[in-house]
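A short write-up of the structure that comes next.
The values are calculated or read from the model by the stated rules, or taken from the named source; none is laboratory data. As the structure is a computational prediction, the values presented were derived from the model and not from experiment. Every residue, glycine among them, receives a Cβ derived from its backbone with ideal geometry; neighbour counts consider all protein chains shown.
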Amino acid sequence: MLGNDFLQRGQWKAALELYRRIPAERIDDYGRYEPFERQFGDRVNYVPPTDASTYNKVELLARLDELEEEADRTTNDTLAARNYFNIGLALYNLSYFSYNWSFADAFRSGTSAVRAAASPTPTEVFSHVGAPLGNREHLSMDQPRYYFERAMRRAPDEEAAALAAYYAAKTERNEYYARGRPGGTRPFTYFRLLQENYRDTEFYDRVVEECRTFAWFVGR
């Protein structure tokens, strides 16, 4: 539980050290996960393909550690951008908003984001009183967005940059709806970046086709 709390607060390297205290023969009892699958429309009940690579808690965070070290060392922008994007993707998919949420939380309620948005004081951590063992659902997207932005900075071409920008937009949109800004202006920082800088990419055309929010944004 302590490791889960560290992970939810964005301290996944600290979480890894705690998970490593679990006996190796028991670590799989805490689940195996497939965090590197992409979705245009997020579904928490999404079922990854049967041939997707799976990881237990230690294997996954150790893999993210390896990806970051490799990206930090390399002068190859293609490798660095891919690694940073995959770290962001995994952290995104382990969050409240995606299908591997159970990696860091024993309980999830679809009402939490709604109740958080309706609260007088916007918050990134929301307690759900009916949850077993108490529950603090973390709605922050800071960590995934941090790695998507690093992927954009190291992107070797516009296609890779557009992909990272779109996923950064997903983090921005999630936080806006969860924090609640009734009557406020919706943030479109990364959608605007996509529209202004990457409209000539193949990925841009796919986003217009697959993402109704982005299609609405460009059609205003």
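Data table
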quantity: Exclusive hit being part of a helix (DSSP H, G or I), at pLDDT below 95, of a type outside the set (Phe, Trp, Tyr) and out of contact with any Cys (no Cβ under 8 Å at 6 or more places or on another chain), set Arg186, Arg150, Arg173, Arg108; calculated: Arg173
quantity: Filter result for Arg21 (surrounded by fewer than 15 Cβ atoms within 10 Å (Cβ to Cβ) and either within 30 Å of Pro156 (Cβ to Cβ) or among the polar types (S, T, N, Q) (or both)); calculated: no
quantity: From Ala215, Ala162, residue being surrounded by 15 or more Cβ atoms within 10 Å (Cβ to Cβ), assigned to a helix (DSSP H, G or I), touching a helix residue (DSSP H, G or I) at 6+ places or on another chain (Cβ under 7 Å) and at pLDDT 90 or above; calculated: Ala162
quantity: Test result for Leu7, under 20 Å from the mean Cα position of the chain (by Cα), over 30 Å from Asp205 (Cα atoms), crowded, with 20+ Cβ neighbours inside 10 Å and in contact (Cβ under 8 Å) with a residue 24 or more places away in the chain; calculated: yes
quantity: Pairs with Cβ under 7 Å, 6+ apart, first in region 61-86 and under 22 Å from Ala168 (Cβ atoms), second among the hydroxyl-bearing types (Ser, Thr, Tyr) and surrounded by fewer than 19 Cβ atoms within 10 Å (Cβ to Cβ); calculated: Ala80/Thr74
quantity: Qualifying residue in region 202-211 (condition: part of a loop (DSSP other than H, G, I, E, B) and modelled with pLDDT under 95); calculated: yes
